[in-house]
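Enquirer: I have a structure here, written as structure tokens, and I will follow up with some questions on it.
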Amino acid sequence: MIAQAAVLTIYEIYVSVQGESTHVGRPCTFVRLSACDLRCAWCDTPYAFTGGRKMSIDEVLAEVERIGCPLVEITGGEPLLQKDVYQLMQDLIGRDYEVLLETGGHVPIDEVPDEVVAIVDVKCPASGEAARMHWPNLDQLSPHDEVKFVIQDRADYEFARDVIGRYDLASRSAAVLVSPVHGVLEPRLLSEWMLADHLPARLQLQLHKYIWSPTTRGV
């Protein structure tokens, strides 16, 4: 029997400036996979819920190579819903790319290759998806991984503060990122809360939304 070639549903592949994580500001190739089974209230990529085109892993690798950027982020949608994404990540590592993974936190990360930097969302209450969190992921974190909270209001902030302390995330990950919902929560207010509590976290603003319009795609 001939083995079936690994195929992914890809929404887009493009190069831009990394807008989030501790890698903010670095040129980065983004490989955006289609489909997500979450419906976060503040989601900024609902267009990737559906659509896209089938691409073999070899085709994806060829496009990444054509772009020529050594930093690659696998994102979505929710990339871990597609089983062949693990092979893509392994193949990228094998070609000496630095690989980031952006994941919603509700799918187990235990099969993610060790070399990949997982940026794991913890969904806060205002997202409407907090109950979907796969909490064992926080026990699976590698020291180079990062954890992200998107904050819409004070209740979200207090939820994040509790999780950061309860799981000792500042010691278990490379960074804890606290990001205000763009255009909803003032960064100044979130900064004041963080400073008042001596929160062991990093304020994250989505750089690409300040460089380009927040609704611009492919950046």
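The values are calculated or read from the model by the stated rules, or taken from the named source; none is laboratory data. Because the structure is predicted, anything quoted here is derived from the model rather than measured. Cβ coordinates were reconstructed from backbone atoms using ideal geometry, including for glycine residues, and neighbour counts include every protein chain displayed. Surface areas here come from the heavy atoms of the whole protein model, side chains and all, with no ligands, DNA or RNA. Shrake-Rupley method; radii C 1.70, N 1.55, O 1.52, S 1.80 Å.
Enquirer: Let me have the 222 nm mean residue ellipticity of the chain computed from DSSP H runs of 4+ only, each contributing -39500 (n - 2.57), with the sum over all residues rounded to the nearest 500.
Expert: When only DSSP H runs of four or more count, the value is -7000 deg cm²/dmol.
Enquirer: Would you calculate the separation in nanometres between label points at S191 and D58, each defined as 7 Å from the Cα along the Cα-to-beta-carbon direction?
Expert: Rounded to a tenth, the inter-label distance reads 5.2 nm.
Enquirer: Another question about this same structure. With θ taken as phi - 60° and the coefficients 6.51, -1.76 and 1.60, list the Karplus ³J(HN,Hα) couplings across the stretch 85-93 in order, rounded to whole Hz; mark glycine and proline as x.
Expert: Those phi angles translate into 5, 5, 5, 4, 4, 5, 5, 5, 4 Hz.
Enquirer: Next question, about the same structure. How high is the relative contact order of the stretch 67-121, in percent, counting Cα pairs under 8 Å that sit 6 or more residues apart?
Expert: Computed over the stretch 67-121, the figure is 38 percent.
Enquirer: Could I ask something else about it? For the stretch 84-168, what relative contact order do you get, as a whole percent, if you take Cα pairs closer than 8 Å and at least 6 residues apart?
Expert: Relative contact order of the stretch 84-168: 26 percent.
Enquirer: Here's something else I'd like to know. Considering the options S127, L185, L205, tell which one lies farthest towards the positive end of the dipole of the stretch 87-219, charges being +1 on Lys and Arg and -1 on Asp and Glu at the Cβ, about the Cα centre.
Expert: Of the options given, the answer is L185.
Enquirer: Also, quick follow-up: Tell me which lysines have Cα within less than 23 Å of K123's Cα, excluding those fewer than 8 residues away on the same chain?
Expert: Qualifying lysines at Cα under 23 Å: K83, K148, K209.
Enquirer: At a threshold of 8 angstrom on Cα-Cα distance, excluding pairs fewer than six apart, so keeping six or more, what relative contact order does the chain reach in percent?
Expert: 18 percent
Enquirer: In the stretch 1-147, what percent of the accessible surface is made up of carbon and sulfur (1.4 Å probe, ligands and nucleic acids excluded)?
Expert: That fraction is 50 percent.
Enquirer: Could you tell me the distance between the Cα centroids of the stretch 1-44 and the stretch 46-107, to the nearest Å?
Expert: Using only Cα atoms, the two centres lie 6 Å from each other.
Enquirer: Hey, another quick one. So what are the radius of gyration and Dmax for the Cα set of the stretch 147-188, in Å?
Expert: Here Rg and the maximum Cα pair distance are 10.6, 31 Å.
Enquirer: If you place +1 on the Cβ of every Lys and Arg, -1 on the Cβ of every Asp and Glu, and leave all else neutral, what size is the dipole of the stretch 1-112 about its Cα centre, to the nearest 20 Debye?
Expert: Charge dipole, the stretch 1-112, about its Cα centre: 260 debye, nearest 20.
Enquirer: Any chance you could run the full-extension gain for A41 through H134? It's 0.36 nm times the residue separation minus the Cα-Cα distance, nm to one decimal.
Expert: Additional length available on full extension: 31.6 nm.
Enquirer: Any idea how far apart R66 and Y14 come out in nm if each label point goes 7 Å out from Cα toward Cβ?
Expert: About 1.6 nm, to one decimal.
Enquirer: What accessible area per residue, rounded to a whole number of Å², is obtained for the stretch 118-210 using a probe radius of 1.4 Å?
Expert: That works out to 45 Å² for each residue.
Enquirer: Here is a follow-up. Please give the length that would be gained between Q90 and L205 if that part of the chain were fully extended, namely 0.36 nm times their separation in residues minus their C-alpha to C-alpha distance (nm, one decimal).
Expert: Between Q90 and L205, full extension yields 38.4 nm more.
Enquirer: Another question, then. What nm value, rounded to one decimal, do you get for the distance between R172 and V7 when each label is placed 7 Å out toward the C-beta?
Expert: Inter-label distance under the simple model: 3.9 nm.
Enquirer: About its Cα centre, what dipole magnitude does the stretch 39-173 give when the only charges are +1 on Lys and Arg Cβ and -1 on Asp and Glu Cβ, stated in debye to the nearest 20?
Expert: 480 debye
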